[in-house]
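Contents: one structure, followed by commentary.
We did not get these values from a lab; they are worked out from the coordinates using the rules stated. On a predicted model such as this, the values are computed, not experimentally measured, just so you know. Heads up, the Cβs are rebuilt from the backbone with ideal geometry, glycines too, and the neighbour counts pull from every protein chain shown.
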Amino acid sequence: MTIDRNARLREIRNWDDYFHLAIDAPEIGREARPGQFVMVKVADGPSPLLRRPLSIHDAGASGIELFFKVAGLGTEILSRKKPGDPLDLIGPLGKGFTVTNGMKGKRAFCVGGGRGIAPIYFLARELGARGLQTNIFYGGRRLVDIPLRDKFEKAGIELLCSTDNGSFGFGGLVTELVGLELAKTKPDVLYACGPEAMMKVLASLAAKHRVPAEFSLESVMGCGIGACWGCVHRIKNESGDGWTKICEEGPVFPGERILWP
Ligand SMILES: Cc1cc2nc3c(=O)[nH]c(=O)nc-3n(C[C@H](O)[C@H](O)[C@H](O)COP(=O)(O)OP(=O)(O)OC[C@H]3O[C@@H](n4cnc5c(N)ncnc54)[C@H](O)[C@@H]3O)c2cc1C
Ligand code: FES
């Protein structure tokens, strides 16, 4: 984990309420693994006081990328940053998706719903580099909610897209599209990030098809480093079904350990 107070915004792009940031932060970039996140200090002044958690959308030797949807004050301030602005980041934090060398030749389904696509891009690149076959599902309510289509395609990563209103790709929920594909092909593993309702359905689909699955959970985070207990979620562990700090033990957990609300 690095505290980088000298990170610098290199580039910012947006589509409607969705923003993509490329940030010079080499130490964090070199350490990052798919599914980990950074805590971003969004304002120079006292408000908002707390840092905001954002998944690492991509990483490399020069730094990291973030992808977010404006949700409130913190992300709105971040969306107004300009290239060259300094950024104060802590990361990479948490435990990401399980990806090992022994998975070469296996097939993975990766599902991103809305802004939950953020960590899936980094994951898809990593899985491809390790020789896995991937089916990447990208779902949103409307066409404007799946703005990263071109980015995946430019990176040679094929997508299966869905929109709830049928404006692009499969018409319906991304969980329905995944269900149809699961009936045709059984992957060795399923990874997902997105709204909790989406992940809950995917967890039961994965269990029904006996596919091991991992999910990246979200929670409002106060510190991101295990100090405040602000981020707890019910997770099965050795001592029972306990409240667990997802910033420390997660945010990624195996499906069978998550107790969905
Ligand atoms: C590990 C982790 C990774 C994340 N990665 C991403 C990402 O890559 N891209 C992205 O767009 N968002 C991501 N989020 C969600 C993001 O952190 C919140 O949207 C953001 O903190 C909201 O801050 P704000 O100041 O803009 O909004 P606030 O003013 O703080 O809140 C606005 C509204 O959003 C709700 N909210 C705040 N935080 C969360 C949250 N964590 N989950 C659900 N609702 C929330 C509040 O209850 C409120 O209703 C992630 C969250 C976690 C825990
Ligand atoms: S965010 Fe503070 S303990 Fe997890």
Rank Asn237, Gly179, Gly91 by how far each Cα sits towards the positive end of the charge dipole of the chain (+1 on Lys, Arg Cβ; -1 on Asp, Glu Cβ) and give me just the farthest.
Gly179
Estimated vicinal HN-Hα couplings, Hz - region 60-75 in sequence order (Karplus 6.51, -1.76, 1.60; Gly, Pro = x):
x, 5, 8, x, 10, 10, 10, 9, 9, 10, 5, 10, x, 4, x, 5
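How big is Rg to Rh over the chain, alpha-carbon atoms, Rh as the Kirkwood inverse-mean-distance radius? Walk me through the numbers before you get to the answer.
On the way: Rg = 17.6 Å, Rh = 18.6 Å.
When Rh is taken as the Kirkwood radius, the ratio is 0.95.
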Take the Cβ-Cβ distance between Arg10 and Leu180 as r, set R0 to 35 Å, and report the resulting FRET efficiency rounded to the nearest 0.05.
0.30
Under the rule of at least 5 residues apart or a separate chain, name every residue whose amide H is placed under 5 Å from the amide H of His57.
Glu65, Leu66, Phe67
Using the scaling law 2.2 N^0.38 Å as the reference, what is the normalised Cα Rg of region 23-125?
1.14
Most packed first (mean Cβ within 10 Å per residue), the peptides 208-218, 228-238 order as 208-218, 228-238
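Quick one: work out the % antiparallel among DSSP beta bridges in the chain, nearest 5. If you can, show how the numbers build up before the last one.
Numbers: 40 of 64 bridges.
Expressed as a percentage, antiparallel bridges in the chain total about 60.
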Starting from the amide H of Asn135, placed 1.01 Å from N in the peptide plane, find each other amide H under 5 Å away whose residue is 5 or more places distant or on another chain.
Ala108, Phe109, Cys110
Return the single residue from Ala155, Ala118, Ala61 with maximal mean-square fluctuation; model: Gaussian network over the chain, springs between Cα atoms under 10 Å.
Ala155
Per GNM of the chain with C-alpha springs under 10 angstrom, the most fluctuating residue out of Leu49, Leu66, Leu143 is Leu49
Kindly point out which whole DSSP H helices in the chain project their C-alpha atoms 30 angstrom or further along the helix axis while averaging a Kyte-Doolittle hydropathy of -1.0 or above.
none
Under Stokes-Einstein, region 88-186 at 37 °C and 0.692 mPa s, with its Kirkwood radius over C-alpha pairs, diffuses with a coefficient in µm²/s of 230 µm²/s
Once amide hydrogens are built 1.01 Å from N within the peptide plane, the residues lying 5 or more places from Leu87 or on another chain with amide H under 5 Å from its amide H are Ala7, Arg8, Leu9
Selection from Val252, Val70, Ser204, by position along the positive dipole direction of the chain (Cβ)
Ser204
Protection proxy ranking of 29-36, 175-182, 108-115, 1-8 - average other beta-carbon atoms within 10 Å, highest first:
108-115, 29-36, 175-182, 1-8
28 Å Cα-Cα threshold exceeded, pairs from Lys82/Lys200; Lys104/Lys245; Lys69/Lys236; Lys95/Lys151:
Lys82/Lys200; Lys104/Lys245; Lys69/Lys236
